[in-house]
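Peer 1: Here it is, the structure, as structure tokens.
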Amino acid sequence: MSRTSKILLSLMAVITLIQTVWFVSSEMFIPYLTDFFESMRTTNSRLTEVVAIVFGVIVALFALVMLIIALSSRTSEKDLKLQGGRGKLTIPKKSMEQIVDKSIAENHQVGNIQTKVRVRGNDRIQAQVSVEDISDGNYDVNAKEIQETVQDSIQRHLGMKSHVKVQIIPRKQSSKSLKVI
């Protein structure tokens, strides 16, 4: 979430809380709060009306905008959105995972490839890869090579930087049947 969105949401939350306390204290007696709001209403009745109207309009506009956004936007928290001069491009999470799976299968001797991709903002992707090593070789070197392959593939296909975690399971320790793509 961007800093501006956080500030606006925080401001709306504070205004809503003040409005709620104000409304409840006008209907029920709450020590100190009821007295404060009553004294404010009797000394500056015009100012109190203006503040109430402004708070009400701000909260109503915010609620209306949030309702429009909720009804008109599609659920795309798992999708990557790219926007350029020619328009918008949405790449589903499943497609990104398939790109990573195929690049690993083409370049390494591994099986049972499981990839989880998360979109982190507009400029970074986080990938978590779990594979079974068929070659039973040097796991650290293989993990580093797989990590570089995934980073290169994401950079080549999507033009983005990525953070990749690789887990290699030795074939001897695996309980699953081998699935090679």
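Quick note: the coordinates plus some simple rules give every number you see, no bench work behind them. Nothing here was measured: the structure is a model prediction, and the numbers come from that model. Here the Cβ is made from the backbone with ideal geometry for all residues, glycine too, and neighbour counts use every protein chain on show.
Peer 1: With 10 angstrom as the radius, rank M40, M28, M160 by how many other C-beta atoms surround their C-beta, starting from the fewest.
Peer 2: Values: M40 14, M28 9, M160 18.
Final ranking by Cβ density, sparse to dense: M28, M40, M160.
Peer 1: Of (1) 25.5; (2) 9.9; (3) 17.6, which is the value of mean projected area of the Cα convex hull in nm² derived from the coordinates here?
Peer 2: (3)
Peer 1: Rounded to the nearest 500 deg cm²/dmol, what is the calculated helix-only ellipticity per residue at 222 nm for the chain, with -39500 (n - 2.57) per DSSP H run of length n ≥ 4? List each step's numbers first, then the result.
Peer 2: Details: 5 runs with 99 residues, N = 181.
-19000 deg cm²/dmol, from helical runs alone.
Peer 1: Per the Cauchy relation, a quarter of the hull surface: what is the mean projected area of the convex hull of the alpha carbons in segment 89-173, in nm²? Before the final figure, lay out each step's value.
Peer 2: Values: hull surface 20.4 nm².
Over all viewing directions, segment 89-173 projects a mean Cα-hull area of 5.1 nm².
Peer 1: Taking amide hydrogens as modeled 1.01 Å from N in the peptide plane, which residues meet the under 5 Å criterion relative to V164, leaving out close sequence neighbours?
Peer 2: A127
Peer 1: Another question about this same structure. If you place +1 on the Cβ of every Lys and Arg, -1 on the Cβ of every Asp and Glu, and leave all else neutral, what size is the dipole of segment 89-173 about its Cα centre, to the nearest 20 Debye? Can you show the working numbers first?
Peer 2: Details: 13 positive and 11 negative charges, 93 e Å.
About 440 debye.
Peer 1: Using a 10 Å cut-off on Cβ atoms, rank the peptides 108-117, 85-94 from the highest mean neighbour count down.
Peer 2: The most tightly packed comes first, giving 108-117, 85-94.
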